[in-house]
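Derivation of every value follows stated rules applied to the coordinates shown; laboratory data play no part. Computed from a predicted model, the values in this text were never measured in an experiment. No Cβ is skipped: glycine too gets one built from the backbone with ideal geometry, and neighbour counts run over all protein chains shown.
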Amino acid sequence: MTMAQLPAFQTIDEAAAWAETHDTAQYFDDMEDAPSFEAERQRRPQTRLNLYLSRDAIAKLRILAGERQLDYHTLAEVFIMDRLTQETSFERRAGVHPSNAQS
């Protein structure tokens, strides 16, 4: 089977836009290998938090996590971080509580 030839692109953005709408498998032989690199993983300092939740809350958290293909511990962290971001937003610091803010 002959592979199709990859189109020529003028910019990276043009190539990215094209790749979003095309199956690139048929162009595999025409693609160059990406340069290798090493990335150092940055770990944030963390402190353990023990949290007691009802069985019902844990069950709901597990279901939601499963739908997102996450571990339920990770989803709980995401929920907490989202709420912290919401509660400490500029409006909150300015004295406007999110539940009282007008859209």
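Working note: Karplus 6.51/-1.76/1.60 with θ = phi - 60° gives segment 79-86 the couplings 4, 5, 5, 4, 5, 4, 4, 4 Hz, where Gly and Pro are set to x. Rounded to whole numbers, the Karplus 3J(HN,Hα) couplings from phi for segment 52-60 are 9, 10, 5, 4, 4, 5, 5, 4, 5 Hz, using 6.51 cos²θ - 1.76 cosθ + 1.60 with θ = phi - 60°, and x at Gly and Pro.
Taking Cα centre as origin and charging only the Cβ of basic (Lys, Arg, +1) and acidic (Asp, Glu, -1) residues, the dipole magnitude of segment 36-76 rounds to 180 debye. For segment 55-95, the Cβ-based charge dipole about the Cα centre amounts to some 80 debye (Lys, Arg positive; Asp, Glu negative; other atoms uncharged). Count Lys and Arg as plus one, Asp and Glu as minus one, and take only other residues whose Cβ is under 12 Å from that of residue 8; the net charge is then -2. Once segment 55-95 is represented by equal point scatterers at the alpha-carbon sites, with solvent omitted, what log10 I(q)/I(0) does the Debye formula produce at q = 0.17, 0.18, 0.22 Å⁻¹? Once normalised to I(0) and log-transformed, intensities are -0.52, -0.56, -0.67. Scalar couplings 3J(HN,Hα) for segment 23-28, obtained by applying the Karplus form with A = 6.51, B = -1.76, C = 1.60 to θ = phi - 60°, are 7, 7, 4, 6, 10, 3 Hz; x denotes Gly and Pro.
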